[in-house]
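Before any comments, here is the structure.
The values are calculated or read from the model by the stated rules, or taken from the named source; none is laboratory data. Note that the structure is a prediction, hence the values are computed from the model and not measured. FYI the Cβ positions are ideal-geometry reconstructions off the backbone, even for glycines, and counts take in every protein chain you see. Accessible surface areas use protein heavy atoms only, side chains included; no ligands, DNA or RNA. Shrake-Rupley method; radii C 1.70, N 1.55, O 1.52, S 1.80 Å.
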Amino acid sequence: LLFLRKGVLVAQPFDPRARTLSGEPSLLGDVPASPTSGANYTAAPPATVAADGTLAYLTEPSINTRLVWTDRAGSAVGAVALPPGRYLQVALSPDERRATVVRLNSRTESSIWLVDLIQGGATPLIQAAGLNDSVVWSPDGTRIVFSSDRDGPQDLFLKDVNSSEPEQPAYASPVLFKGASAWSPDGKAIVHYELTAETNFDLFVLPVGTGEKSKPFLRSTAAELLGMISPDGRWLAYLSDETGRFEVYVQSFPVGGRKVQVTTGGTAGARSSQSVIWWRRDGRQLGVLNPEGTRILGVDVEPGADFRVGPPKVLATVNPHIIVMTWTADLQRALTVVPESGAAAWSLTFVRPWTAAIGRR
């Protein structure tokens, strides 16, 4: 059985009759392209093997990226000066004067940089071991919460962006995969998701500064993730594949109950741990990335006691070269990560015989 372990291809003996693995995985050393840009945790097939012993896989181009502002037409309206690097995630501060970007150093190492959107330039904020990503800003813009797998599982950490003091643990557990997606407007709670074998992705609420444990908000056999809290703090928009494909739903918050389905034509799903849902500042419209990733759909909402939604309508066009993006609170501009110079070519790698690499490091 061939599979990825933190981005590197490994092989392990498998008994097809007993459907069991045996022995230890052998590191092959090959680094196939990840199905999602920058994602290291995936069950998607990383390679294919022919009966004659030929192994084949795609190799992703290692290209630098840059930050670009785009308007609703998908046109570039400005660039942000950054040191050369491969940036894969971006998060806007509440006042939209700063941002964080995740810079990929290798398939197993990434750092978080603080970007000045007014003057330009970036400085390293988190340079710890492992993958450090999935940044969410506090509502007052003084702190961030982020994920790091420096100790094995992805755990949550808090960092004061205006201080040189090191980050502090916010939430740790044996669950391997988890990340924050929203911080409540009153600053008292962080919404995060976890992935388990029993119930897929689930949503949790972590109280901030109280010492209380994280509590489940939505837990089912469906995948629920990337919850985004409304500006008034009363509703949570999130993704769920309970119908067989990802759709956007809204539930009352912080206590779930009333549930409204927002989309019926699907969404793009999660992309590199980045949201595909954005609330407008007044809480009366949601921006949703369509299934093809080519349009932002605007959904008008009435956020009162009887939460109501209108039909989705095209709000903006997405430039096809965009890797990830986040939108300003008025849903007028997007801060996007794009390749430094157009689209780069991928390559197809063949290895024969691939079994010669078993046991060799």
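Backbone N atoms of the range 127-164 closer than 17 Å to the 7 Å Cα→Cβ label point of GLN119 belong to residues 161-164.
Picking from LEU27, LEU225, LEU158, which is most flexible by a Gaussian network model of the chain using Cα springs under 10 Å? In the Gaussian network model the winner is LEU27. To the nearest 0.05, what FRET efficiency results for THR221 and LEU21 with a Förster distance of 30 Å applied to their C-beta separation? Efficiency, from the Cβ-Cβ distance: 0.75.
The solvent-accessible area of LEU114, taken with every protein chain present and a 1.4 Å probe, is close to 20 Å². What the Cα convex hull of the chain gives, in volume per residue, is 152 Å³.
With all protein chains kept in place, the per residue accessible area of the chain amounts to 47 square angstrom at a probe of 1.4 angstrom. What's the local net charge at LEU55, with K and R +1, D and E -1, over the other residues with C-beta under 11 Å away? After counting each charged neighbour, the total is -1. Using a/c under 1.5 as the rounded threshold, could you call the range 235-289 rounded, prolate or oblate? The axes a ≥ b ≥ c are square roots of the C-alpha gyration tensor eigenvalues, and prolate needs a/b larger than b/c, oblate otherwise. Taking the square roots of the gyration eigenvalues as a ≥ b ≥ c, the range 235-289 is oblate. Residues HIS321, HIS192, sorted by accessible area with the largest first, give HIS321, HIS192 [1.4 Å probe; ligands and nucleic acids excluded]. Size of the range 278-359 from its Cα atoms: along the principal axes, largest to smallest, the extents are 65, 30, 20 Å. With the cut-off at 20 Å, report for the range 181-286 the share of all Cα pairs above it, as a whole percent. Tail of the P(r) past 20 Å holds 34 percent of the pairs. Other residues whose C-beta falls under 13 angstrom from the C-beta of PRO153 contribute a net charge of -1, scoring Lys and Arg +1 and Asp and Glu -1. What shape does the range 178-227 take by its C-alpha gyration tensor, where a ≥ b ≥ c are the square roots of the eigenvalues and a/c under 1.5 counts as rounded, a/b above b/c as prolate, and the rest as oblate? In terms of gyration-tensor shape, prolate. When each of the peptides 1-7, 211-217, 172-178 is scored by the mean number of other C-beta atoms lying within 10 Å of its residues, the order from highest to lowest reads 1-7, 172-178, 211-217. Classify the range 100-221 as rounded, prolate or oblate, taking a ≥ b ≥ c as the square roots of the eigenvalues of its Cα gyration tensor: rounded when a/c is under 1.5, otherwise prolate if a/b is larger than b/c and oblate if not. In terms of gyration-tensor shape, oblate. Atom-type composition of the exposed protein surface of the chain places 51 percent of the accessible area on carbon and sulfur (1.4 angstrom probe).
The simple spin-label model puts a point 7 Å past each Cα toward its Cβ; for THR355 and VAL314 those points are separated by 5.4 nm. Counting only heavy atoms of the protein chains and using a 1.4 Å probe, ILE358 has close to 80 Å² of accessible surface.
Averaged over residues, the count of other Cβ atoms within 10 Å places the peptides 100-113, 251-264 in the sequence 100-113, 251-264, highest first.
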